[in-house]
Amino acid sequence: MASPAWDRLFRDAWEGCGADVHIVTERKSYIPAHSNILSMASPFLHTLLEKSKVKKGIKIIQMLGVPHEAVNLFIRFLYTSCFEEEDMKKFVLHLLVLSHAYSIPSLKRVCVHFLEHSWLDKDNVVDVLQLARACDSPRLSFICVRMIVKNFKSISSTDGWKVMSCSNPDLEQELLELREEARLRRIEEKKVYVKLNETMEALLHICRDGCRTIGPCDKVQRGWHIKCKFPACEGLENLLRHYSNCKTRVPGGCVHCKRMRNLLELHSSICNVPEACKVPLCRHFKKRMQQQQSKKDKCSWKLLVSKVIAAKGKGRLGPFSPYLMGL
């Protein structure tokens with residue numbers, strides 16, 4: 001909330017109470033203000049006032065190119081550091097331009113926050129992106145680019161995109177390249193998740209049914225000449241053998257053991273039958289994760305697990321899907 005005294009001082013300026021500045025706006029209108037308030041709010045305005053013309057003891061500066069109402073809100077913010085939400089909805093873009101042009105970081109942060117959370121949508125995101133870049137607002141620019149890449153099909157058919165493609169072809173080309181990069185990155189990520197999915201199934205296969213030289217002690221293992229249908233099985237068996245025999249137990253001492261531990265932790269996050277599970281350390285890792293993980297870490301693990309489960313597509317996870325569905 002603004003201090004009533006500062007708000008009253010701003011309103012008193014209209015009645016000539018100490019106002020020594022007239023800010024000329026569109027339609028030859030003006031806004032009265034106090035030079036000391038403006039100078040304290042912005043070094044840029046301080047310099048502008050020192051160089052301004054003086055008529056009958058009143059300094060004259062111009063703020064053209066934006067609506068009179070927007071300039072009035074801008075000057076009021078310099079006095080009170082407050083705004084009305086309805087006014088912000090109407091003039092947020094103009095206020096962003098003014099905050100950048102006259103170096104008012106506090107107002108710029110308010111405008112960017114409002115655009116991010118209350119104003120940005122698919123119809124205006126292209127216009128906001130161009131303004132964000134012109135006003136040197138990297139965070140807002142990044143958010144706009146992310147929205148465009150994510151919703152490219154619908155946004156590329158808007159009027160804003162069509163105007164941008166004519167007036168700023170370099171930006172259009174940049175966005176097209178970013179979209180292609182994102183598409184290729186998603187393809188590569190999908191490959192990683194599919195491979196992890198196959199590894200989880202192979203791990204269950206080895207530890208539950210046994211394969212070649214590794215498996216439950218109550219089952220006879222098959223010979224090396226038999227080709228396993230799980231692509232990840234042979235490499236995973238080698239990793240398990242190394243993990244069981246490696247003497248380098250210090251944290252970070254063995255990259256192969258660390259990789260195996262990560263796979264076992266991933267399995268424990270997916271497994272919903274830890275009490276009966278034959279995968280080594282399943283119960284241990286599940287209990288430890290429940291006790292030690294922060295909320296952020298748990299969200300990250302759940303996201304990873306969901307992507308690994310979905311990697312096969314349409315819920316088809318292979319013969320061991322019942323063991324992979326619990327979270």
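The values are calculated or read from the model by the stated rules, or taken from the named source; none is laboratory data. Given the structure is predicted, the values throughout are model-derived calculations rather than measurements. Cβ atoms come from the backbone with ideal geometry, glycine included; neighbour counts cover every protein chain shown. In case anyone asks, the SASA skips ligands and DNA or RNA and just uses the protein heavy atoms, side chains included. Shrake-Rupley method; radii C 1.70, N 1.55, O 1.52, S 1.80 Å.
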Can you confirm whether K51 is at pLDDT below 85 and not aromatic (F, W, Y)?
no
For the stretch 180-203, pairs from a residue that is open to solvent by 20 Å² or more (accessible area, probe 1.4 Å) to a residue that is assigned to a helix (DSSP H, G or I), with Cβ under 6 Å and 6 or more apart or across chains, are Y193/K307; Y193/V308; L196/V308
Please specify each residue of the stretch 27-41 satisfying the condition of being surrounded by fewer than 19 Cβ atoms within 10 Å (Cβ to Cβ) and closer than 16 Å to Y79 by Cα.
N36, S39, M40
Within the stretch 241-284, residues being hydroxyl-bearing (S, T, Y), part of a helix (DSSP H, G or I) and surrounded by fewer than 17 Cβ atoms within 10 Å (Cβ to Cβ) number 1
Looking only at the stretch 9-36, count how many residues are out of contact with any Asp or Glu (no Cβ under 8 Å at 6 or more places or on another chain), assigned to a loop (DSSP other than H, G, I, E, B) and at pLDDT 85 or above.
3
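Yes or no, residue by residue, for (1) without any contact (Cβ under 8 Å) to a residue 40 or more places away in the chain; (2) under 30 Å from E172 (Cβ atoms); (3) touching a His at 6+ places or on another chain (Cβ under 7 Å); (4) not hydroxyl-bearing (S, T, Y):
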{"position": "H68", "(1), (2), (3), (4)": "no, no, no, yes"}
{"position": "E86", "(1), (2), (3), (4)": "yes, no, no, yes"}
{"position": "S99", "(1), (2), (3), (4)": "yes, yes, no, no"}
{"position": "S118", "(1), (2), (3), (4)": "yes, yes, no, no"}
{"position": "S137", "(1), (2), (3), (4)": "no, yes, no, no"}
{"position": "F152", "(1), (2), (3), (4)": "yes, yes, no, yes"}
Out of C135, C144, I need the residue that is surrounded by 18 or more Cβ atoms within 10 Å (Cβ to Cβ) and more than 19 Å from E180 (Cα to Cα). Which one?
C135
Residue by residue through the stretch 97-131, note down the ones that are open to solvent by 70 Å² or more (accessible area, probe 1.4 Å), at pLDDT 90 or above and within 25 Å of K153 (Cβ to Cβ).
K122, D123, D127
Pick from the stretch 44-96 the residues that are assigned to a helix (DSSP H, G or I) and among the β-branched types (V, I, T): which of them is surrounded by the fewest Cβ atoms within 10 Å (Cβ to Cβ)?
T47
Test set (1) under 17 Å from H205 (Cα atoms); (2) surrounded by fewer than 17 Cβ atoms within 10 Å (Cβ to Cβ); (3) at pLDDT below 75 - L324 fails condition number
(2)
